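The values are calculated or read from the model by the stated rules, or taken from the named source; none is laboratory data. All values derive from a computational prediction rather than experimental measurement. When we count neighbours, we look across all protein chains shown, and the Cβ atoms used for this are built from the backbone with ideal geometry, even at glycine. We work out accessible area using only protein heavy atoms, side chains counted, and drop any ligands, DNA or RNA first. Shrake-Rupley method; radii C 1.70, N 1.55, O 1.52, S 1.80 Å.
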Amino acid sequence: MIPVLETVRLRLRPHVAADFPALAALWANPEVTRHIGRPSTAEESWARMLRYAGLWRLCGFGYWAVEDRETGTYLGDVGFADFRRATAPQLPDMPEIGWVLAPAAHGRGVATEAATAALAWLGRPCFCIIAPANTGSLRVAAKLGFAEQGLAAYRDDQVMVLMRKG
């Protein structure tokens, strides 16, 4: 059972198939993916939705769809994963939080609000990785209480590893 979380402005809920067009558009947007990697194809976005559902079953945590409570508009994704990333040095053995939002939601505190609700639900230490050039997400992580642990090599890039005690 995937919990539904609500904040003043947001609802974090399980993804449903009807989210696919908006999710695919989000992940195909170069502005959204510039610090994450390349834009995703529709096929890759569908695989992402399936991965989100599988995380809940296998790990007991996963990603939520973030929607505007007032309008029901899909704004993006926030949640936790165990991606078993091949990094050097190795990442901590704990949940990894992540967030990705549509450009219309940027700069409005949506990421902080959604991640705050997710972290309250998790209630234990976790970490995140962020591209050093992604100053917006680094600001969000700082507001959430994450502390920089140093850089790690991931694929062909360096990422900042940040941890939060809980």
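Take segment 73-89 and flag every residue that is farther than 15 Å from LEU26 by Cα, in contact with a strand residue (DSSP E or B) (Cβ under 8 Å, 6 or more places away or on another chain) and open to solvent by 40 Å² or more (accessible area, probe 1.4 Å).
Pass one, segment 73-89, residues farther than 15 Å from LEU26 by Cα: 79-89.
Narrowing further to those that are in contact with a strand residue (DSSP E or B) (Cβ under 8 Å, 6 or more places away or on another chain): 79-83, 85-89.
Selection gives ASP82, PHE83, ARG85, ALA86, ALA88, PRO89.
Output the qualifying pairs, or none if there are none: Cβ atoms under 9 angstrom, residues six or more apart or on different chains, first residue in segment 127-140 and closer than 9 Å to VAL161 by Cα and assigned to a strand (DSSP E or B), second residue open to solvent by 30 Å² or more (accessible area, probe 1.4 Å) and not aliphatic (A, V, I, L, M).
Close Cβ pairs satisfying both conditions: PHE127/PRO92; PHE127/GLN149; PHE127/ARG164; CYS128/TRP99; CYS128/ARG164; ILE129/ARG85; ILE129/TYR154; ILE130/HIS35.
Scan GLU6, GLU31 and give me the residue that is under 16 Å from the mean Cα position of the chain (by Cα) and open to solvent by 70 Å² or more (accessible area, probe 1.4 Å). First the steps, then the outcome.
On the way: GLU6 fails: under 16 Å from the mean Cα position of the chain (by Cα).
Among GLU6, GLU31, only GLU31 is under 16 Å from the mean Cα position of the chain (by Cα) and open to solvent by 70 Å² or more (accessible area, probe 1.4 Å).
Between residues in segment 20-38 that are touching a residue at least 40 places away in the same chain (Cβ under 8 Å) and residues that are part of a helix (DSSP H, G or I) and among the hydroxyl-bearing types (Ser, Thr, Tyr), which pairs lie under 6 Å by C-beta distance while being six or more apart or on different chains?
Every condition considered, the pairs that remain are LEU23/SER45; TRP27/SER45.
Here is a list: LEU144, LEU101, LEU162. Which entry is closer than 22 Å to PRO30 by Cα, at pLDDT 95 or above and either open to solvent by less than 20 Å² (accessible area, probe 1.4 Å) or charged (D, E, K, R) (or both)? Working first, answer last.
Numbers: LEU144 fails: closer than 22 Å to PRO30 by Cα; LEU162 fails: closer than 22 Å to PRO30 by Cα.
Only one candidate passes the filter, namely LEU101.
Going by the conditions given, is ARG85 more than 22 Å from PRO14 (Cα to Cα), touching a helix residue (DSSP H, G or I) at 6+ places or on another chain (Cβ under 9 Å) and not hydroxyl-bearing (Ser, Thr, Tyr)?
Details: more than 22 Å from PRO14 (Cα to Cα): yes; touching a helix residue (DSSP H, G or I) at 6+ places or on another chain (Cβ under 9 Å): no; not hydroxyl-bearing (Ser, Thr, Tyr): yes.
Answer is no for this residue.
In segment 107-132, what residues are open to solvent by 50 Å² or more (accessible area, probe 1.4 Å) and over 14 Å from the mean Cα position of the chain (by Cα)? Break it down into steps so the answer makes sense when it comes.
Of all residues in segment 107-132, those open to solvent by 50 Å² or more (accessible area, probe 1.4 Å) come to 107-108, 116, 120-121, 123-125, 132.
Scanning segment 107-132 gives GLY107, ARG108, ALA120, TRP121, GLY123, ARG124, PRO125, PRO132.
Residue by residue, here is whether (1) part of a helix (DSSP H, G or I); (2) within 16 Å of the chain's Cα centre (by Cα); (3) of a type in the set (A, V, I, L, M) holds:
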residue: TRP27; (1), (2), (3): yes, yes, no
residue: ALA53; (1), (2), (3): yes, yes, yes
residue: ARG57; (1), (2), (3): yes, no, no
residue: VAL66; (1), (2), (3): no, yes, yes
residue: GLY72; (1), (2), (3): no, no, no
residue: MET94; (1), (2), (3): no, yes, yes
residue: TRP99; (1), (2), (3): no, yes, no
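I'm trying to understand the selection: among the residues of segment 6-62, which are in contact with a Lys or Arg (Cβ under 8 Å, 6 or more places away or on another chain) and among the acidic types (Asp, Glu)?
GLU6
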